[in-house]
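Asker: Below is one structure. I have some questions about it.
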Amino acid sequence: MALSSFDIDAPRWDQSTFMGRLKHFFNITDWRTALLPDSRLDEAKALVESCRAGSIPPGTTEEQLHYAKKLYDSAFHPDTGDRMNLIGRMSFQVPGGMAITGCMLQFYRTVPAVVFWQWVNQSFNALVNYTNRNAASPITPKQIGVAYVTATSTALATAVGLNLYTKKAPPLVARWVPFAAVAAANCVNIPMMRQQEILNGIAVTDENGNKLGHSKKAAAKGITQVVISRITMAAPGMIILPIIMQRMEKYKFMQRITYLHGPIQVMMVGVFLVFMVPAACSLFPQRCSMAASKLEPELRDAIVSQYGDAVQRVYFNKGL
């Protein structure tokens with residue numbers, strides 16, 4: 001294939017299948033890309049934009065174009081093209097998530113520790129949710145503040161409440177409290193951070209990208225899928241790892257190195273997240289779709305009046 005006709009935006013893998021999406025997200029959530037300087041990311045963006053304009057620099061290989069697109073997708077917002085903040089990128093989920101989750105799992109016994117690490121986690125989540133929102137639906141600083149406070153309060157109330165409730169429960173149950181708090185907070189944090197999409201709808205298009213209008217039902221579907229993905233992302237590490245640690249702590253060598261339990265949990269969470277971040281992102285297509293017949297009556301009627309039965313499905317970016 002001549003590079004002059006190279007379509008850099010064409011999916012490298014089939015996005016209609018889970019395995020295709022898994023390969024795609026393994027590619028763009030690669031934590032190593034988070035270590036690259038902004039100058040390298042800007043070079044990748046310039047190459048992608050040059051390719052889109054049909055002016056590929058002489059000597060550029062197809063592999064270089066694929067790598068530039070990988071860096072572009074990992075660091076720049078799909079709606080705006082702006083470089084995302086480092087902590088909010090999905091490529092930072094492994095280093096950021098492993099540190100915070102490992103500490104939540106290690107320091108779960110006292111209320112002050114629970115409060116502190118749940119606050120840190122929800123601050124991290126709020127930034128990730130804001131960074132990966134559907135940027136076509138702007139959110140005000142006040143709404144961001146309300147979303148942050150509400151989600152953090154939910155996480156703290158769940159964690160502290162369950163922590164006190166499980167004082168007499170088996171030790172393993174207490175170890176699962178952080179996951180319950182994270183799951184509850186995700187059910188609040190993501191919808192609140194993206195409330196504008198629920199209130200005003202998100203842009204929906206036909207399969208060719210032609211804008212058809214805004215749909216609240218599409219927003220609800222996309223946000224629900226994101227909530228499910230985020231909980232799935234955290235579940236294996238926060239449910240299975242406590243079982244592993246409880247069994248390991250019975251061994252004498254583990255009892256002699258209690259000071260290393262925290263670092264060990266952080267590293268093991270990292271192993272889980274290396275696989276679970278791309279797997280959870282792959283559960284649903286990022287370019288989400290729904291039947292036109294399931295849209296709001298007024299939008300559905302407007303589409304039918306303009307296009308007849310030609311538009312059977314609508315498409316939208318669900319965010320991450």
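Asker: Those residues that are free of Cβ contacts under 8 Å to residues at least 24 places away in the same chain, open to solvent by less than 40 Å² (accessible area, probe 1.4 Å) and touching a Phe, Trp or Tyr at 6+ places or on another chain (Cβ under 9 Å), I need them from region 162-188; list them, please. Reasoning before the result, please.
Answerer: First pass over region 162-188, keeping only residues free of Cβ contacts under 8 Å to residues at least 24 places away in the same chain: 162, 165-170, 173, 180.
Within this subset, residues satisfying the condition of being open to solvent by less than 40 Å² (accessible area, probe 1.4 Å) are 166, 169, 180.
Hit for region 162-188 is Thr166, nothing else.
Asker: Which of (1) of a type outside the set (Gly, Ala, Ser); (2) out of contact with any strand residue (DSSP E or B) (no Cβ under 8 Å at 6 or more places or on another chain); (3) over 30 Å from Leu241 (Cβ atoms) does Met90 not meet, given it meets every other one?
Answerer: Unmet condition: (3).
Asker: Hey, another quick one. Can you give me the number of residues within region 286-306 that are of a type outside the set (Lys, Arg), touching a helix residue (DSSP H, G or I) at 6+ places or on another chain (Cβ under 9 Å), surrounded by fewer than 17 Cβ atoms within 10 Å (Cβ to Cβ) and in contact (Cβ under 8 Å) with a residue 40 or more places away in the chain?
Answerer: Qualifying residue count for the region: 1.
Asker: From the residues in region 246-272 that are in a helix (DSSP H, G or I) and farther than 20 Å from Tyr108 by Cα, which one is most open to solvent (accessible area, probe 1.4 Å)?
Answerer: Restricting attention to region 246-272, the residues satisfying the condition of being in a helix (DSSP H, G or I) are 246-248, 252-256, 258-272.
Filter again for farther than 20 Å from Tyr108 by Cα, leaving 252-253, 256, 271.
Numbers: Lys252: 152, Phe253: 101, Arg256: 169, Val271: 91 Å².
Checking each candidate, the answer is Arg256.
Asker: Any residue in region 225-245 that is buried (at least 17 other Cβ atoms within 10 Å of the Cβ) and among the small types (Gly, Ala, Ser) sitting within a Cβ distance under 8 Å of a residue that is at pLDDT 90 or above and outside any helix (DSSP H, G or I)? List the pairs, counting only those 6 or more apart or interchain.
Answerer: Ser229/Leu283; Ser229/Phe284
Asker: Give, as residue ranges, the helices (runs of 4 or more DSSP H) completely inside region 95-183 that count at least 2 residues that are aromatic (Phe, Trp, Tyr).
Answerer: Working: elements: 111-131, 141-165, 171-175.
The qualifying helices (runs of 4 or more DSSP H) are 111-131, 141-165.
Asker: For region 195-213, enumerate the residues that are part of a strand (DSSP E or B) and among the small types (Gly, Ala, Ser).
Answerer: Restricting attention to region 195-213, the residues satisfying the condition of being part of a strand (DSSP E or B) are 202-205, 211-213.
Passing the criteria: Ala203, Gly213.
Asker: Only one of Ala151, Ala147, Ala126 is buried (at least 17 other Cβ atoms within 10 Å of the Cβ) and farther than 15 Å from Val182 by Cβ; which? First the steps, then the outcome.
Answerer: On the way: Ala151 fails: farther than 15 Å from Val182 by Cβ; Ala126 fails: farther than 15 Å from Val182 by Cβ.
Just a single option satisfies the conditions, and that option is Ala147.
The values are calculated or read from the model by the stated rules, or taken from the named source; none is laboratory data. Just so we're clear, the structure is a prediction, and the values are computed from it rather than from any experiment. Positions of Cβ are backbone-derived with ideal geometry, glycine not excepted, and every protein chain shown enters the neighbour counts. Quick note on the areas: whole protein, heavy atoms, side chains included, nothing else; ligands and nucleic acids left out. Shrake-Rupley method; radii C 1.70, N 1.55, O 1.52, S 1.80 Å.
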